[in-house]
Amino acid sequence: MSSPGTALLDRLHEQSTAETMARARAQFHGSNEELAELAEQYGALVPRLRGRFLREQGLSSEDTESSQGVDLLLAISAGMGQFLRNMVLAHRPSRILELGSSCGVSTLYFAQALRTLGSGTVIATELDAAKCAQLRKHIRTAEVEPYVDLREGDVFETVAELDGTFDIVFIDIWADAYLRLFKQVEPLLRPGSIVLADNMYTAEDAVQAYKHYLEQSPRFSSTTLDFESGVEFTVVVS
Ligand SMILES: C[S@@+](CC[C@H](N)C(=O)[O-])C[C@H]1O[C@@H](n2cnc3c(N)ncnc32)[C@H](O)[C@@H]1O
């Protein structure tokens, strides 16, 4: 991909990785050498074991309320971004709803794919005002403003004001709120809508209620994709 956003995304991924390492350093009691060894072991694990491995080492991999107000990107990886882009190119959505946008890394992947298609909108949602300011700056830099509609504020209030249906929904807020949020989003889904939810492995315990809800409903066909942080891929059947 070559576009005005490429260098920006490279920089944001680098920043996010550095933040994650700094978080791990702050939580870890061993030496730098031991931390480097853990990072190597982590990299060699299959994705579904990674969250558990970190917890066993006393390292939290979950993005939680405690991150609120701290200017962390908590961004998706480049691999996840590539997946989101491909989803857009394949499904050709008119409307995307992104729940939890932070400084806009996932928003940029969605918006760039919409630009490739030449139409469509991603509604981005974020509570933190400083992050919203960063997101606005980033979509200007990447020249994707026409494809992004940022709604600043609490996502539950934002969703309550939405109508119509969405072709793709991406859930990436604090994992213990997934189920409550999904239930609020349900009326905005149509048969064929796709719902993607991140952090199935990295927030394994917190997402159990969400996964259970999907499993027991005939309206949804759902599977966990075994890559990156674990992605719940849900198709609305009826
Ligand atoms: C994991 S980050 C999102 C990362 C983003 N998708 C990306 O790739 O850059 C989660 C974000 O959800 C936001 N968030 C959490 N609870 C929220 C709420 N109730 N309303 C709006 N935003 C919320 C947080 O402020 C945080 O920036």
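Details
- Between Ser106, Val144, Phe170, the Cα set farthest toward the positive side of the dipole of the chain (charges on each charged residue's Cβ, about the Cα centre) is that of Val144.
- Taking amide H atoms as placed 1.01 Å from N in the peptide plane, the amide H of Phe220 lies under 5 Å from those of Val237, each 5 or more residues away in sequence or on another chain.
- Between the helical axis of 105-117 and the longest alpha-carbon principal axis of the chain there is an angle of about 40 degrees.
- The chain, helix-only ellipticity at 222 nm - DSSP H runs n ≥ 4, -39,500 (n - 2.57), divided by all residues, nearest 500: -14000 deg cm²/dmol
- Neighbour counts of C-beta atoms inside 10 Å place Val46, Val207 in the sequence Val46, Val207, starting with the fewest.
- Remark: relative contact order (the chain) = 19 percent; criterion is Cα-Cα distance under 8 angstrom and separation of 6 or more residues.
- Once divided by 2.2 N^0.38 Å, the Cα radius of gyration of the chain becomes 0.99.
- Computed P(r) (all Cα pairs; the range 97-184; 5 Å bins; percent): 3, 15, 28, 25, 18, 9, 2, 0
- Summarising the amide proton neighbourhood of Thr125: residues at separation of 5 or more, or on other chains, whose placed amide H is nearer than 5 Å comprise Glu98, Gly100, Ser101, Arg151.
- Cα centre as origin, Lys/Arg/Asp/Glu Cβ charges: the chain dipole, Debye: 660
No value in this document is a laboratory result; all are computed from the given coordinates. Computed from a prediction, not measured in an experiment: that's the story for all the values here. FYI the Cβ positions are ideal-geometry reconstructions off the backbone, even for glycines, and counts take in every protein chain you see.
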